[in-house]
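Visitor: My questions will all concern the structure given below.
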Amino acid sequence: MKKLFFLIMVSIMVVSCKNEEVVGIEDTTIQEIISQKETGKKMLHFGNVDELKSFINEKVEGETDFLDEARKYSEQGVYNPLLLVYNLEAAEAKELGIEEKAVPTVASDDDMLLLMLNESGEIGIEDKIFRIDGDFVYTYSEGSGNHIDEFNEAYKAGEIRMERGDTYKFSKELSVYMHNNVKVEEESARNQTSYGYFSSNYRMRARQFNGFWGFYSSIGANTKVEKRKRVWWWYNWNTVKTYNRLEYNVEYKAESTMGFPTLYLSDSGGVYPYANQAQKIYAWSVGFPLAPEIYTPLGGQTKHWAHWYTTPVNTVSITLNY
């Protein structure tokens with residue numbers, strides 16, 4: 001990871017939550033549930049930014065298969081990562097008690113981010129919870145989740161007006177950031193997704209991504225193969241494990257949220273796993289209350305290749321230019 005310009009808060013705070021179940025992280029390993037309630041959702045909770053940095057670094061540098069990791073956490077009863085929820089079939093979702101209407105929308109293909117978030121799009125850092133859903137990143141104090149509903153009601157009624165990039169202090173316990181991360185159908189040439197089809201039921205998805213979510217920022221690309229499956233009452237594309245490849249040669253800039261000079265950076269290389277995805281994050285940063293850097297691609301290309309051996313057209317490749 002590129003050098004971060006950020007002063008880390010060092011005080012460790014263990015907190016309990018009225019409506020949420022919290023999971024403790026120590027030495028980058030998931031240890032135990034430190035607060036349990038009969039209702040609410042389990043989530044990752046980091047006592048400080050250093051803990052969160054260590055957790056992410058371990059996963060990114062270790063070339064973790066994020067979807068396998070998500071399934072492991074769910075099976076062990078730690079929490080249900082949003083990455084897993086997005087890849088569930090109807091029967092699996094029902095078994096876990098997940099309702100389709102309650103699943104948040106997070107416009108990101110960064111599997112690291114989706115692994116960190118629970119089924120409600122939440123993660124805890126120090127004494128705050130960050131929740132991503134739709135156009136907003138909510139930062140609120142434990143036990144104050146009802147303020148989010150109050151904000152949404154006021155926003156829908158036109159009582160609150162915001163533009164992308166704005167932060168609104170709704171109450172002492174809740175602030176809301178309207179992020180700039182676009183949805184797939186709104187993508188620009190700087191934020192691309194392309195598909196190569198093996199058949200009507202299998203496809204390769206090639207993706208370039210960059211996003212700033214307040215507490216977390218990243219830039220990267222990935223390659224996946226997806227299978228068309230029924231989820232609830234419609235069809236969805238779920239990730240399957242196969243031979244994936246990603247080669248990259250990119251240039252990008254890192255703009256500081258702390259007022260430091262902009263950095264102009266580059267990265268190149270390749271990853272060639274047999275896994276649920278071939279992903280490379282060129283750079284990432286985390287911070288509380290804000291990540292110290294925002295990344296924007298400037299040029300270069302990514303080459304994506306996948307092999308799916310059960311169909312007549314068993315190899316697909318795509319090159320994406322920034």
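The values are calculated or read from the model by the stated rules, or taken from the named source; none is laboratory data. Nothing here was measured: the structure is a model prediction, and the numbers come from that model. Because the Cβ atoms are built from the backbone with ideal geometry, glycine has one as well, and the counts that use them run over all protein chains shown. Accessible surface areas use protein heavy atoms only, side chains included; no ligands, DNA or RNA. Shrake-Rupley method; radii C 1.70, N 1.55, O 1.52, S 1.80 Å.
Visitor: Is it true that S120 is surrounded by fewer than 21 Cβ atoms within 10 Å (Cβ to Cβ) and in contact with a Leu (Cβ under 9 Å, 6 or more places away or on another chain)?
Guide: no
Visitor: Now, a different point. Is at least one residue of region 257-279 loosely packed, with under 15 Cβ neighbours inside 10 Å and β-branched (V, I, T)?
Guide: The answer is yes, given that some residue of region 257-279 is loosely packed, with under 15 Cβ neighbours inside 10 Å and β-branched (V, I, T).
Visitor: If A107 meets every condition in (1) closer than 23 Å to R131 by Cα; (2) in contact (Cβ under 8 Å) with a residue 60 or more places away in the chain; (3) out of contact with any Gly (no Cβ under 9 Å at 6 or more places or on another chain) apart from one, which number is that one?
Guide: (3)
Visitor: Only one of S317, S268, S285, S256 is at pLDDT 95 or above and touching a His at 6+ places or on another chain (Cβ under 7 Å). Can you tell me which?
Guide: Testing whether each residue is at pLDDT 95 or above and touching a His at 6+ places or on another chain (Cβ under 7 Å) leaves just S317.
Visitor: Output the qualifying pairs, or none if there are none: Cβ atoms under 7 angstrom, residues six or more apart or on different chains, first residue in region 132-148 and polar (S, T, N, Q), second residue open to solvent by 40 Å² or more (accessible area, probe 1.4 Å).
Guide: Hits for this filter: T139/K128; T139/P289; S141/D127; S141/K128; S141/E173; S144/E173.
Visitor: Further question: Restricting to region 133-187, give me the number of residues that are closer than 16 Å to T105 by Cα, assigned to a loop (DSSP other than H, G, I, E, B) and either basic (K, R) or open to solvent by less than 30 Å² (accessible area, probe 1.4 Å) (or both).
Guide: 4
Visitor: While we're on this one: Restricting to region 123-132, what's the tally of residues that are at pLDDT 95 or above and open to solvent by 30 Å² or more (accessible area, probe 1.4 Å)?
Guide: 1
Visitor: Which of the residues spanning region 256-288 are part of a loop (DSSP other than H, G, I, E, B), in contact (Cβ under 8 Å) with a residue 12 or more places away in the chain and more than 17 Å from the chain's Cα centre (by Cα)?
Guide: Result: T257, M258, F260, Y272, P273.
Visitor: Ok, one more. Return yes when A291 is open to solvent by less than 20 Å² (accessible area, probe 1.4 Å), part of a strand (DSSP E or B) and closer than 21 Å to D111 by Cα and no when it is not.
Guide: Taking the combined requirement at face value, the residue does not satisfy it.
Visitor: Tell me which residues, restricted to region 61-89, are among the β-branched types (V, I, T) and either buried (at least 24 other Cβ atoms within 10 Å of the Cβ) or touching a Phe, Trp or Tyr at 6+ places or on another chain (Cβ under 7 Å) (or both).
Guide: V85 - this is the single residue of region 61-89 that is among the β-branched types (V, I, T) and either buried (at least 24 other Cβ atoms within 10 Å of the Cβ) or touching a Phe, Trp or Tyr at 6+ places or on another chain (Cβ under 7 Å) (or both).
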